[in-house]
Amino acid sequence: MLEFLGVIIMLIGIGLLIARPFFKEQDVYNTRTNMRGQEERILVSKASHPLLLAINKKIATYIIVLGFILFAIPGIFFMAEPGKFYAVQFPWGTQKAVMSQGISTKWWGKLIPIQQEISIKDLLGDTKSDQESEYTYIMPAVEREFSDAVKGTVGNSIVISLTEDPDKFLDLATKNRSERNLVYSRINPYKEAVLKNTAKLMSAQDYIAGSSSEFDRAFKDQLENGMYILEEIVGENKKDTIGTNKDRTIDENSKSKVYKVKTHKVNGVDEPLRNQGALREYGLSVKQAVVNKIDWEDKFDERLDKQKEQVALTQLERQMTEKAIIKTQRVYQEGESNKAEERARLEKEQIQKTIAAETIVKEEQFNLEASKIKLQKNKVEAEAIKVLADADSYKNSKLVSADRKSTRLNSSHESPFRM
């Protein structure tokens, strides 16, 4: 836009500069003789507009310079958008990487803008296209064959992140020349090859049985680090080769081919053998790689429907069995409850009788104790009476003895005077 505006302004300035000598500062008249022989003035040309007369050679030059500046600004500067890296290739053969947003110089060089994170989605045919945007590459999902010869159209999405190393980024931009070429000639073909390779490592039956996360893990690992080198397993006893060790038996009538990952020792640990050409070799890393949905072929859907019917019948039988077990348990529990109630009633009666008997025993014990206490009291009272009686008897005997002694004494004193 600025380039176009600059060209227009330069043309205007050049036009004014060329036309300036032809501007008239005042009206121009000629004289002529009319039919009556009289002279009259005739306007030949009018004076130029005052605004045009005000533009001299210097101002016209300024206009030309302004137009050139406006024309040159887009060639000298550019606005680096957020979320994008730019490779700037100058006309004299050098180049630089611009990895921050804002105004930067390009000096009429070629720009190769690439998104810092590139999103690619493979959508199924029945998926609406309203997910499209200028920042996401939308592609049709491709059919893949799994190890049990079942085919499925794999809808997936990946997010690729660029390197932040300027040298690696410049090398990537130079080799691919544009973001679109990077996606369609480098990333997408490699992604398709990885999906094909990953599908060989798992059966469709295993995928729907809960191994989808293992599939995603192998998908992402191969995208970033390189595709596994595979070899076919010969024999009926097969093993899953994506992160598990469980045995799997393949149907004899199946055309399936099962593969395993070739490995080699690295520091004493088995590591997968890989093909060259991983995305990380180009300074790309995988931020996300997931399978969103798989549209299985009709024959597999039919097989799944049959399995669902069998599962439903099995579940129904299980429910009926569980119901019978629950009923038996309920009857048993009711019997146990009745037994418990009867046992509680009998225990209650027994406890009541025991308490009544214990009460009688305690009352008898109380009465016995009361009788013992009363008897002991009577004994104590009797002993007290006896002691008192003995004391009185002793007192009386002492009195009698004293009286006798006194009488004898009196008799002995009186005897000399008797006649």
- Out of all the residues in the stretch 216-225, is one or more modelled with pLDDT under 80 and under 28 Å from the mean Cα position of the chain (by Cα)? no
- Task: Would you mind telling me which numbered condition in (1) open to solvent by less than 40 Å² (accessible area, probe 1.4 Å); (2) among the charged types (D, E, K, R); (3) out of contact with any Pro (no Cβ under 8 Å at 6 or more places or on another chain); (4) modelled with pLDDT of 85 or more ASP165 fails?
- Result: (1)
- So, in the stretch 66-94, of the ones that are open to solvent by 40 Å² or more (accessible area, probe 1.4 Å) and in contact with a Gly (Cβ under 8 Å, 6 or more places away or on another chain), which residue ends up farthest from THR174 (Cα to Cα)? LEU66
- Quick one: in the stretch 137-157, of everything that is acidic (Asp, Glu) and either modelled with pLDDT under 85 or in a loop (DSSP other than H, G, I, E, B) (or both), which residue is most open to solvent (accessible area, probe 1.4 Å)? GLU145
- Item | Lone qualifier among LYS257, LYS287 - being touching a Ser or Thr at 6+ places or on another chain (Cβ under 7 Å), open to solvent by 70 Å² or more (accessible area, probe 1.4 Å) and at pLDDT 75 or above | LYS287
- Task: Report yes if some residue within the stretch 42-50 is at pLDDT 70 or above and more than 23 Å from ASP165 (Cα to Cα); otherwise report no.
- Result: no
- Only one of SER203, SER213, SER185 is among the polar types (S, T, N, Q), modelled with pLDDT of 85 or more and farther than 30 Å from SER100 by Cα, namely SER213
- Note on the structure: For the stretch 169-196, the count of residues that are more than 17 Å from GLY83 (Cβ to Cβ) and under 32 Å from the mean Cα position of the chain (by Cα) equals 12
- Query: Only one residue in THR163, THR174 is part of a helix (DSSP H, G or I) and closer than 30 Å to LYS96 by Cβ. Which one?
  - Reply: THR174
- Query: Which one of these does LYS308 not meet: (1) touching a Ser or Thr at 6+ places or on another chain (Cβ under 8 Å); (2) at pLDDT below 70?
  - Reply: (1)
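The values are calculated or read from the model by the stated rules, or taken from the named source; none is laboratory data. The structure displayed is predicted, hence computed values, not measured ones. Using ideal geometry, Cβ is built from the backbone for each residue, glycine included, and neighbour counts are taken over all protein chains shown. Side chains included, ligands, DNA and RNA excluded: accessible areas come from the protein's heavy atoms. Shrake-Rupley method; radii C 1.70, N 1.55, O 1.52, S 1.80 Å.
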